[in-house]
Amino acid sequence: MRPITKKIALLGLCTAVALVLAYIEVLLPPLFNAVPGIKIGLPNIIIIFVLYRFGFKEAAVVSLVRMIAVSFMFGNLMALIYSLAGAFLSMLVMVILKKMRFLSVVGVSVAGGVFHNVGQILAAMLLLGTTELGYYLIVLTVTGTVSGIFVGLCGAIIVQQIPKKLI
């Protein structure tokens, strides 16, 4: 198989797995009924893997395709807007931190989880015209950290188990 064909096939497989993880996440009961919008971020396990095994552009494409598909299947336009804002800021921060090489996969994932929430809150503040939503970041920073640790540990295991030479 030609290298580009293999790469496209692997990225397609990664996108499909991210979609399956998003579906599993939809099926899970809410973590905290009192706090809306909190998710584990299971598809981000794949985004972390793609970022470390393929690179920024590939991770961004897989993330974008996944978000658009998930919005059509389980969400709406507003969910897509919030997801795009969160993913953009999250990816930007993760790429910068990964290049600096002073954080582990887990550390990069935690930063990504927290900044995903920051991006979503900034988008909501802009769209709704209110700054009071900023207080919600206190809760989301804690949940983003916890989910970022879980996602980062899973992502690190996959990165370790699938060496770059196999890709």
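Annotation note: of Leu19, Leu64, the sole residue that is out of contact with any strand residue (DSSP E or B) (no Cβ under 8 Å at 6 or more places or on another chain) and under 28 Å from Arg101 (Cβ atoms) is Leu64. Pairs meeting the criteria (first residue in the stretch 138-154 and closer than 12 Å to Val114 by Cβ and part of a helix (DSSP H, G or I), second residue of a type outside the set (Ser, Thr, Tyr) and open to solvent by 40 Å² or more (accessible area, probe 1.4 Å), beta carbons under 6 Å, at least 6 apart or on different chains) are Ser147/Ile40; Val151/Asn44. Criterion first (touching a residue at least 60 places away in the same chain (Cβ under 8 Å), basic (Lys, Arg) and open to solvent by 70 Å² or more (accessible area, probe 1.4 Å)) does Lys39 satisfy it? Yes. Among the residues of the stretch 71-111, the one identified as among the small types (Gly, Ala, Ser), open to solvent by 30 Å² or more (accessible area, probe 1.4 Å) and over 26 Å from Val26 (Cβ atoms) is Ser104.
Look at the stretch 82-98: where a residue is acidic (Asp, Glu), no partner that is surrounded by fewer than 19 Cβ atoms within 10 Å (Cβ to Cβ) and assigned to a helix (DSSP H, G or I) sits 6+ places away or on another chain with Cβ atoms under 8 Å.
The values are calculated or read from the model by the stated rules, or taken from the named source; none is laboratory data. Given the structure is predicted, the values throughout are model-derived calculations rather than measurements. Methodologically, a virtual Cβ is constructed for each residue, glycine included, from the backbone with ideal geometry; neighbour enumeration extends over all protein chains shown. Accessible surface areas use protein heavy atoms only, side chains included; no ligands, DNA or RNA. Shrake-Rupley method; radii C 1.70, N 1.55, O 1.52, S 1.80 Å.
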